[in-house]
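Taken together, the values in this text are just the output of simple stated rules run on the coordinates, not laboratory data. Only a predicted model underlies this, so the values are computations on that prediction, with no experimental measurement involved. Note that each Cβ is placed from the backbone with ideal geometry, even for glycine, and that neighbours are counted across all protein chains shown.
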Amino acid sequence: DTGVSQNPRHKITKRGQNVTFRCDPISEHNRLYWYRQTLGQGPEFLTYFQNEAQLEKSRLLSDRFSAERPKGSFSTLEIQRTEQGDSAMYLCASSPPRTGALKTQYFGPGTRLLVL
Amino acid sequence: LAKTTQPISMDSYEGQEVNITCSHNNIATNDYITWYQQFPSQGPRFIIQGYKTKVTNEVASLFIPADRKSSTLSLPRVSLSDTAVYYCLVGPPGGGADGLTFGKGTHLIIQP
């Protein structure tokens, strides 16, 4: 399977704990995005990487959230001191360089986080 | 990014053609129109993208009038497995640095 993969698929944690999610984008996709989706809503943009550089962060990304993409391949999203309001589906997407006929984002299956 | 308006929900039956219309009155010259499909507990899946006139692929057609202020996603001969949420997005084709802007989408329910 050469699609975007995310791990873990599900995570249950207690309030105050730290969690880390991983995203492996499609090979050679230099652009990587993180989104958060709550029940009944569409995905909301969190942050964007072009290669290893984090070029954009939404104001939704509080200082408890940090994302990295150290070698321009996989990415991690860490949430420190989790709160119940952090419970959501966290989606990762990747897209190719801005060449070619079709320019779109390919999403992974998501990591569903439940904070108790 | 241009705001989109689409119906909250739609119902149809197997074998019917379903048309979902999206309004985007403030679409910019460089914006593309992209539709995504999302099943429960899965990430959105790209369906189709267009800039103007008509685009067709193996799963859907996208109709865009000359003024580009609206678009219609057409799903031919739907089946139960087409029950999903469909999102209409307007903006840079790959999302750009600000990512994709999703609304609440249209919840399409297909009945037998």
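Okay, here's what the table says:
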item: Relative contact order of chain B, pairs being alpha-carbon contacts under 8 Å that are 6 or more residues apart, as %; result: 36
item: Of the trypsin sites (Lys or Arg not before Pro) in the range A:28-116, those whose Cβ has at most 16 other Cβ within 10 Å and which sit in DSSP loop; result: A:R59, A:R64, A:K71, A:R81, A:R98
item: Rounded, prolate or oblate (a/c below 1.5 giving rounded, otherwise prolate when a/b exceeds b/c) for the protein assembly as shown by Cα gyration tensor; result: prolate
item: The range A:17-116: GluC sites (Glu not before Pro) in DSSP loop, at most 15 other beta carbons within 10 Å; result: A:E28, A:E52, A:E83
item: Under 18 Å from the Cα of B:K54 - aspartates and glutamates, other chains or at least 8 residues apart; result: B:E17, B:D31, B:D67
item: Chain A, relative contact order in percent, only Cα pairs under 8 angstrom and at least six apart counted; result: 36
item: Test item: Cα-centred dipole of chain B, Lys/Arg +1 and Asp/Glu -1 on Cβ, debye; result: 240
item: Exceeding the 26 Å Cα-Cα cut-off - candidates B:K69/B:K104; A:K14/B:K104; A:K57/B:K3; result: A:K14/B:K104
item: At most 11 other Cβ within 10 Å, DSSP loop - trypsin sites (Lys or Arg not before Pro), the range B:32-80; result: B:R77
item: Exposure proxy ranking, count of Cβ atoms within 10 Å, fewest first, for A:V4, A:V115; result: A:V115, A:V4
item: Added length on full extension, which subtracts the Cα-Cα distance from 0.36 nm per residue, A:T13 to A:E83; result: 24.2 nm
item: Which of B:P65, B:V78, B:P93, positive extreme of dipole for the range B:37-97 (C-beta unit charges); result: B:P65
item: Approximate spin-label separation B:N57-B:S81, in nm, with each point projected 7 Å along Cα-to-Cβ; result: 1.7
item: Shape metrics for the range A:1-115, restricted to C-alpha atoms - Rg then Dmax, Å; result: 13.6, 45
item: Charge dipole magnitude, Cβ of K and R +1, D and E -1 - the protein assembly as shown, Cα centre, debye nearest 20; result: 400
item: Local net charge near B:L108, Cβ-Cβ under 10 Å (Lys/Arg +1, Asp/Glu -1); result: -2
item: Dipole-positive endmost among A:P8, A:G40, A:S95 within chain A (Cβ charges, Cα centre); result: A:G40
